[in-house]
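All remarks here apply to the structure that follows.
The values are calculated or read from the model by the stated rules, or taken from the named source; none is laboratory data. Computed from a prediction, not measured in an experiment: that's the story for all the values here. Positions of Cβ are generated from backbone atoms using ideal geometry, with glycine treated the same way; all protein chains shown enter the neighbour counts.
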Amino acid sequence: MAQAMRGGVLRVVERVEGHQRYSPHLRSLLVVLLDAAIISSALFGAVLLRFEGELPAQWLVAIEHCLPLLLAVRLTTLVWFGLHYWSFRSPGLSEAGRLVLVNSVATLILEALRPLFVEPLPRSVVAIEFFLTTALMGAHRFAPRMARQWYLDQLRSRAQGAKRTLIVGAGSAGDLLLRDLLHSADSPWHVIGLVDDDPGKRCTFLNGRPVLGSIEELPDLVMKHRVSQVLIAIPRLSPERIRHILGLCKHQSVSFKIIPASFAYLDQKITTAMLHDLSPEDLLPRDPISFDQAEVHRLVTGRRILVTGGAGSIGSEIARQVAGHAPASLVLLDINENELYFLVRQLQERYPQLPVHAIVADIRDQDRLMRLGREHAPQYVFHAAAHKHVPLMEDSPEEAIKNNIFGTRNVAHMADACGAERFVLISTDKAVHPSSVMGASKRLAEMVIRDIATQSRTAFTAVRFGNVLGSAGSVVPLFKQQIQRGGPVTVTHPDCTRYFMTIPEAVGLVVLAGLGGYGELCILDMGTPVRIAELAANLITMAGLVPGKDIPIVYTGLRPGEKLEETLLSEEEERTQQVRNRIKVAQSPAPPPDFELQLERLRHAAQAGDASGVKLALRGLIPTYKTPVQLQVGERA
């Protein structure tokens, strides 16, 4: 019933605004007639004001002579400038300025015709009439919008589930956002006011809403006005400032939304549809990195491409990105048939002209890979298939060896045999001074492709990732699940830090660095590492909850194979590094002379299921690899 009443009142307001099925010409005629009544009333009112409420007989004659000419001049001017065609829904400052300008022009014309009057009115009457006419015309034109806005504001404030809202930023972006909120009948946000660090905006109003204070006062304002939603409307707000705002509000049950940077240009219309929830990507301690799509297109278009691990988080995103650049064909290989099936269907629907092939295969099967290489003859091979879960690989080290090392060697040999131009290995920062079997297996995978590269015409590149935000099995989806369940959020150690990158950054790095001939080892400049405990607290705050109160944070201790912090390059690699387009390029140390012999020992241990033999062989191949030990609180890896 409430919905029906709301719809009925809105229809009444729309009729007042003239937006029902009336002829535009009829509406314009009604506007002109109302303007004529306003002009006549303003003239009589001006004379009454001038003569303190009395209307001397001599001025009645003057009014009779002046009124027809006054109506003729003012109405003609209004029609000439098109002010009889008026949008009652959204008139703004420019329309108000036009109205003042048109009435000023009409007054000047009347003054020019003053000698034609038998008994001209006093100039004071003319001035008062001008102000009265302009004010009444403005009231009649702007009143419907103001009435509608007031009514919508009342609806939002009383609606069930309405969120009392503060906007951070009283600049142009905040102005555009607030306007859209005030004009939206279905907006769930009832804006209480704004905050801004500019002291000149303090105690001012924006679209009828007060600027209540600075950003530093946000916690007090949230509590005072019972705010449950904060909308951030500052273009390109730095991650440091976003983290600061979250830190200020960490004890308040308030949720956040932000205008994405891609919409934060003031020549675009900013609407509530552009708002999105704050995401971990907004908190990275650096600006997001974008890659030259024209260069990516030049590298990819018309090429035959194979992606192993194509159904995984990284492999599937590589597939989506390269598919948009018109490759000659795209082959996706994975053992996960369900995810592979859905991905291929998605790509075929989006790119119907692109030949996409779904191959269910195991990278451990060398003969199968060789047949696929001969059949599809890929020019570029992206090798993303791997076991990547650190604790699981500590329990099954032989599986990490068979998949991550010898599976990589199989794919690399296939690329070499079929004459592929480039081979790109997806590696990890855990390969540097590894403390886990997974990290050691990735370090050996890098050594394997370097060894093969010395005797191959294929260009081999390893690309090291930090933690990829949003990828399957990463910490952010886990934290979000724990928050949704009501906690606790589990963090291994309060001092644990990690490097983070987004999926688009990871894929851009793979495609551009891997295919662009940057070098044999590439790493993205990921800025400073992020404390996992701080990330967990920020995610809780972003969900509108209070860390430690609504959602507890529990420290579980480092798991086998985990380190407190990661490094991106070894000491030898740092001595050779160069930086190109925020991509670090380095050379890895060469494999030992007896590399093949030691690999065979490792293979035999893995095939025999000898976990101790596997770890012993790993230490022989990678001197910096140390058998993982569960670190106690306060110890460093």
Over segment 321-344, the set of residues within 26 Å of D292 (Cβ to Cβ) and part of a loop (DSSP other than H, G, I, E, B) is G324, H325, A326, P327, A328
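Quick one: which helices (runs of 4 or more DSSP H) sit completely within segment 556-637 and have at least 3 residues that are modelled with pLDDT of 90 or more, closer than 22 Å to D451 by Cβ and assigned by TED's automatic domain parsing to the domain that holds G517? Show your work before the answer.
Details: elements: 571-574, 595-607, 611-621.
Fully inside segment 556-637 and qualifying: 595-607, 611-621.
Considering every residue within segment 324-331, establish whether at least one is under 21 Å from G419 (Cβ atoms), touching a Ser or Thr at 6+ places or on another chain (Cβ under 8 Å) and surrounded by 15 or more Cβ atoms within 10 Å (Cβ to Cβ). Can you show your working first?
Taking segment 324-331 first, the residues under 21 Å from G419 (Cβ atoms) are 327-331.
Add one more test, that the residue is touching a Ser or Thr at 6+ places or on another chain (Cβ under 8 Å), and what stays is 327.
Subsequent filtering for residues that are surrounded by 15 or more Cβ atoms within 10 Å (Cβ to Cβ) retains 327.
For segment 324-331, residues under 21 Å from G419 (Cβ atoms), touching a Ser or Thr at 6+ places or on another chain (Cβ under 8 Å) and surrounded by 15 or more Cβ atoms within 10 Å (Cβ to Cβ): present.
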Filtered residues of segment 280-310 (kept if crowded, with 20+ Cβ neighbours inside 10 Å and charged (D, E, K, R)): D282
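Listed residues P477, P504; which is free of Cβ contacts under 8 Å to residues at least 24 places away in the same chain and either within 30 Å of P378 (Cα to Cα) or assigned by TED's automatic domain parsing to the domain that holds L425 (or both)?
Details: P504 fails: free of Cβ contacts under 8 Å to residues at least 24 places away in the same chain.
Being free of Cβ contacts under 8 Å to residues at least 24 places away in the same chain and either within 30 Å of P378 (Cα to Cα) or assigned by TED's automatic domain parsing to the domain that holds L425 (or both) holds for just one of P477, P504, which is P477.
Residues checked against (1) of a type outside the set (K, R); (2) outside any helix (DSSP H, G or I); (3) within 30 Å of G527 (Cβ to Cβ):
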| site | (1), (2), (3) |
| --- | --- |
| L218 | yes, no, yes |
| M223 | yes, no, no |
| V230 | yes, yes, yes |
| L246 | yes, no, yes |
| K250 | no, yes, yes |
Pull up segment 73-93, narrow it to residues that are modelled with pLDDT of 80 or more and surrounded by fewer than 14 Cβ atoms within 10 Å (Cβ to Cβ), then point me to the one that is farthest from the chain's Cα centre (by Cα). T76
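Within segment 252-272, work out how many residues are modelled with pLDDT under 60, of a type in the set (A, V, I, L, M, F, W, C) and outside any loop (DSSP other than H, G, I, E, B).
Restricting attention to segment 252-272, the residues satisfying the condition of being modelled with pLDDT under 60 are 261-272.
If we keep only those that are of a type in the set (A, V, I, L, M, F, W, C) too, we end up with 261, 263-264, 266, 270.
Retained after the next criterion (residues that are outside any loop (DSSP other than H, G, I, E, B)): 261, 263.
Residues meeting the conditions: 2.
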For segment 199-208, state whether one or more residues are buried (at least 17 other Cβ atoms within 10 Å of the Cβ), among the basic types (K, R), at pLDDT 85 or above and closer than 28 Å to R145 by Cβ. yes
Among (1) modelled with pLDDT of 75 or more; (2) surrounded by fewer than 20 Cβ atoms within 10 Å (Cβ to Cβ), there is one condition A96 misses while meeting the rest; what is its number? (1)
Would a scan of segment 271-279 turn up a residue that is over 30 Å from L182 (Cβ atoms), in contact (Cβ under 8 Å) with a residue 12 or more places away in the chain and surrounded by 15 or more Cβ atoms within 10 Å (Cβ to Cβ)? no
Determine, yes or no, whether T541 is among the hydroxyl-bearing types (S, T, Y), over 26 Å from F291 (Cα atoms) and in contact (Cβ under 8 Å) with a residue 40 or more places away in the chain. yes
Apart from one, (1) free of Cβ contacts under 8 Å to residues at least 24 places away in the same chain; (2) farther than 20 Å from L246 by Cβ all hold for G517; the odd one out is (1)
Checklist (1) touching a strand residue (DSSP E or B) at 6+ places or on another chain (Cβ under 8 Å); (2) assigned by TED's automatic domain parsing to the domain that holds V463 applied to L283, failing item: (2)
Are any residues in segment 447-479 outside any strand (DSSP E or B) and of a type in the set (K, R), and if so, which ones? R450, R457
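In segment 532-555, how many are in a strand (DSSP E or B) and touching a helix residue (DSSP H, G or I) at 6+ places or on another chain (Cβ under 9 Å)?
The first filter runs over segment 532-555 and keeps only residues in a strand (DSSP E or B), leaving 543, 547, 551, 553-555.
Those still in the list that are touching a helix residue (DSSP H, G or I) at 6+ places or on another chain (Cβ under 9 Å) too: 543, 547, 551, 553, 555.
Residues meeting the conditions: 5.
From D334, D365, which residue is touching a strand residue (DSSP E or B) at 6+ places or on another chain (Cβ under 9 Å), assigned by TED's automatic domain parsing to the domain that holds I523, touching a residue at least 40 places away in the same chain (Cβ under 8 Å) and of a type in the set (D, E, K, R)? Even if it seems obvious, please write down each step before you answer.
Working: D365 fails: touching a strand residue (DSSP E or B) at 6+ places or on another chain (Cβ under 9 Å).
It is D334.
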State which residue pairs qualify: first residue assigned to a loop (DSSP other than H, G, I, E, B) and inside segment 191-209, second residue of a type in the set (A, V, I, L, M) and surrounded by fewer than 16 Cβ atoms within 10 Å (Cβ to Cβ) in any location, beta carbons under 7 Å apart, and separation of 6 or more residues or different chains. none
Quick check on segment 499-511. Is at least one of its residues within 31 Å of the chain's Cα centre (by Cα) and of a type in the set (S, T, Y)? yes
Tell me whether segment 100-117 contains one or more residues that are more than 30 Å from D220 (Cα to Cα), modelled with pLDDT under 70, assigned to a loop (DSSP other than H, G, I, E, B) and over 49 Å from the mean Cα position of the chain (by Cα). yes
Out of T541, T502, T528, sole residue that is of a type in the set (S, T, Y) and surrounded by fewer than 18 Cβ atoms within 10 Å (Cβ to Cβ): T528
For segment 217-248, the count of residues that are surrounded by 21 or more Cβ atoms within 10 Å (Cβ to Cβ), closer than 22 Å to A162 by Cβ and in contact with a helix residue (DSSP H, G or I) (Cβ under 6 Å, 6 or more places away or on another chain) equals 2
Among (1) crowded, with 20+ Cβ neighbours inside 10 Å; (2) under 24 Å from the mean Cα position of the chain (by Cα), the one test that Q484 misses: (1)
